[in-house]
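**Q** Below: one structure in structure tokens.
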Amino acid sequence: MTWARVRHRKPLVDTDPDSPPPPDHPLAPPDPTHPHARRQGHHLPDASVGADGRYIYTIDIDARMGWRSSEFEETIFFCGYDLHVITDVLSGPGPGRGPVVLVDRSMNLSPAGSHKGNCGLPAVEALGDRIGKPRQLIADRAYNYVTNDTFAIPVWRLGYITIYDLHPVQRGTHPGPGGSDTIWIDGVLYPTSLPEGLHDIEPIEAKMDVGVRARLERQHQARQAYAFVLHGARRPDGSRRYRGPAVPPARVRCPNNPISMREPQSVPTTSRTPGTACGCGRTVTLTDSDYPDMRMPFQHGTLAWEASYHRRVGIESVFADLKRNRMTWHRGFFRGFGIRRYTLLAGFTLAALNLLILHDAATRRGTLDCWGRFLGEPEPEHRPRRHRSRFTSARHAATPAVTGPGR
Ligand SMILES: [Zn+2]
């Protein structure tokens, strides 16, 4: 948030139209693509407009209105800046990994409500080659909702495998590449022989009842057998090969693909009569333009997806450290105006937060932190380890980790 005060009574939140639909809120324009359109019975804010075509509501001429999650604050709208931050998370879910020290790897600051792709991408680019391969990026919905040229495709070019959440309006069925006898369902390719009953399966959500989750997961598993799976890495031109379910080693038995019929009876058999075209036995080449905002190593809404996407809580932990647990970043934490000033101060603040986090992590391990090593301080003497409380070890073991941007 900017330190400056909003001097208008009903500031319209005129965020970039290439964004997820705005919340149902009195300050949201009815048509996000024309936020400044005149509405009957409403006065437009008496505010000046910047070079970006957006309203300026404060004496901080770079600050804009935007939406945020109201986890830490009371209102879901604010005037100021969006902070894009990237932290490390575990390379995969499950026991035996980590813990990972959650530091801020990179950041980018933009006026609130700016384009999430254009403004999030510089933070990913800033990571450079410091991230080992294979690289994964977990990002919230704001990033895969924008035009693919602005985020999804550029991060693929940087070598990241992307893991996203889908907005309900992104879900759906579409025909696959021409002549391949396939269909797209929520970003995964299936042959047209996929049984009708497996077309529309609800994604699993955390708040669902255990029984419902188990039932949906069984349906997802049944559908999974039919999915086209990645076959080889992404080539420099962006193409990638995907193997149909009846291509050996077959995951379904298809009468059109006699070899697949040799699989045991426990493998599902498609109901297609021989001669009717189906995509089961094909290998399909997909390009960057084939749903890069939805294509993931697994189907959205499955338990495997949930476990992987859930690692994004790492970034929530960083923001909690910034706002509550280690620092008290709030309106007035920085005084002054302008995006340059705020960017510089945010950079120093995140660097300081990293030092605190690294120092704590080193202390827990009983070693010298990087700052101490830089100053040539002696290593701490090793005392016999006290028995750690169960709570502490459980808490750290649960810390997640690959690389993902958050807001
Ligand atoms: Zn088939």
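The values are calculated or read from the model by the stated rules, or taken from the named source; none is laboratory data. Treat the numbers as computed from the prediction; the structure is a model and nothing was measured. Counting neighbours? That spans all protein chains shown, and the Cβs are built from the backbone with ideal geometry, glycine included.
**Q** Report the residue count in segment 272-317 for those that are of a type outside the set (Gly, Ala, Ser), more than 16 Å from the ligand (Cβ to nearest atom) and without any contact (Cβ under 8 Å) to a residue 24 or more places away in the chain.
**A** Just the residues of segment 272-317 that are of a type outside the set (Gly, Ala, Ser), to begin with: 272-274, 276, 278, 280, 282-288, 290-300, 302-303, 305-306, 309-313, 315-316.
Checking which are more than 16 Å from the ligand (Cβ to nearest atom) leaves us with 285-288, 290-300, 302-303, 305-306, 309-313, 315-316.
Filter once more, keeping what is without any contact (Cβ under 8 Å) to a residue 24 or more places away in the chain: 298.
Result for segment 272-317: 1.
**Q** Another one. Only one of these is surrounded by fewer than 13 Cβ atoms within 10 Å (Cβ to Cβ) and assigned to a loop (DSSP other than H, G, I, E, B): PRO264, PRO297, PRO292, PRO255. Name it.
**A** PRO264
**Q** For segment 177-194, how many residues are within 15 Å of the ligand (Cβ to nearest atom), within 25 Å of the chain's Cα centre (by Cα) and not hydrophobic (A, V, I, L, M, F, W, C)?
**A** Residues in segment 177-194 being within 15 Å of the ligand (Cβ to nearest atom), within 25 Å of the chain's Cα centre (by Cα) and not hydrophobic (A, V, I, L, M, F, W, C): 1 in total.
**Q** For segment 219-254, which positions are farther than 21 Å from TRP184 by Cα, of a type outside the set (Asp, Glu) and more than 16 Å from the ligand (Cβ to nearest atom)?
**A** ARG235, PRO236
**Q** Residues in segment 255-265: is at least one more than 16 Å from the ligand (Cβ to nearest atom), at pLDDT below 90 and over 30 Å from TRP329 (Cα atoms)?
**A** Yes.
**Q** Would it be correct to say that VAL89 is modelled with pLDDT under 95, buried (at least 23 other Cβ atoms within 10 Å of the Cβ) and assigned by TED's automatic domain parsing to the domain that holds LEU345?
**A** Yes, satisfied.
**Q** Within segment 144-168, which residues are under 21 Å from SER114 (Cα atoms) and touching a Pro at 6+ places or on another chain (Cβ under 7 Å)?
**A** TYR145, ASN148, ALA152, ILE153, HIS167
**Q** From the list ASP149, ASP209, which residue is at pLDDT 95 or above, within 26 Å of ARG68 (Cβ to Cβ) and surrounded by fewer than 18 Cβ atoms within 10 Å (Cβ to Cβ)?
**A** ASP149
Results for (1) over 28 Å from GLY178 (Cβ atoms); (2) of a type in the set (A, V, I, L, M, F, W, C); (3) in contact (Cβ under 8 Å) with a residue 40 or more places away in the chain; (4) not assigned by TED's automatic domain parsing to the domain that holds TRP156, shown as yes or no for each residue.
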position	(1), (2), (3), (4)
ILE201	no, yes, yes, yes
SER239	no, no, yes, yes
VAL247	no, yes, no, yes
ARG251	no, no, no, yes
ASN257	no, no, no, yes
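**Q** Residue under question is SER48, and the condition is that it be farther than 16 Å from PHE77 by Cβ and at pLDDT 85 or above; does it hold?
**A** Against the criterion (farther than 16 Å from PHE77 by Cβ and at pLDDT 85 or above), SER48 qualifies.
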